[in-house]
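Structure first, commentary second.
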Amino acid sequence: MFSRNIQLAGSEDREHLVVELKRPDVKIDSDVASQIESYAFAVADDERFRVVPAKWVFWAVSSDIDQNVARKVNQKDRPRGILFQDDEQRITIWVKTRSQIINDCKSRLRFFAEKLKYAPDRDSSLQHLKTTYHKYLADLFAPKVEEADNAKAVEPQPSAGDST
């Protein structure tokens with residue numbers, strides 16, 4: 001399990017994302033759904049968090065979802081993937097597969113690329129990395145010793161008759 005805490009723009013509210021990442025061979029079944037609900041309800045009932053202006057988002061992530069849980073997260077009038085939502089306690093529990101997360105990210109990337117009319121190319125991407133993260137990537141972009149030796153071998157050598 002891992003989590004992140006971000007402050008929402010223009011507000012004192014915070015959003016806490018808690019991810020229960022299961023092994024690929026573990027299906028999200030009723031037991032896993034119950035486990036993530038227990039986590040969420042424990043947070044909602046904890047007196048330390050009741051007065052905190054925060055929204056809690058829990059994700060259960062694995063490679064597959066069993067049929068019973070799939071029925072619960074694919075209901076009418078609710079975004080696909082929501083297992084539980086309580087606006088009063090400010091808790092949302094999502095069940096997602098790895099492929100759903102990847103597809104959602106690809107869709108968002110495609111949307112922004114179309115709207116911003118931005119098409120990064122390899123050279124501009126590498127240049128951005130070099131200038132922005134030079135301190136961390138200097139060794140990665142440094143010429144290799146062999147390349148430097150080959151460059152020296154190609155350089156014209158002054159002849160004995162040159163007086164320059």
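Please treat every number below as a calculation from the coordinates, not as lab data. Here the structure is a predicted model, which is why all the values come from computation and not from measurement. All Cβ positions, glycine included, derive from the backbone under ideal geometry; neighbour counts span all protein chains shown.
Take the Cβ-Cβ distance between LEU109 and ASP139 as r, set R0 to 35 Å, and report the resulting FRET efficiency rounded to the nearest 0.05.
Given R0 = 35 Å and the Cβ-Cβ separation, E is 0.75.
If I take R0 = 41 Å and measure r between the Cβ atoms of GLN67 and GLU12 in this structure, what FRET efficiency does the formula 1/(1 + (r/R0)^6) give, to the nearest 0.05?
The value I calculate is 0.45.
Can you figure out the FRET efficiency of ASP77 with GLN127, using R₀ = 41 Å and their beta-carbon distance, to the nearest 0.05?
Calculated value: 0.30.
Which of the lysines could a cross-linker bridge to LYS117, judged by Cα under 19 Å and excluding same-chain residues fewer than eight apart?
LYS106
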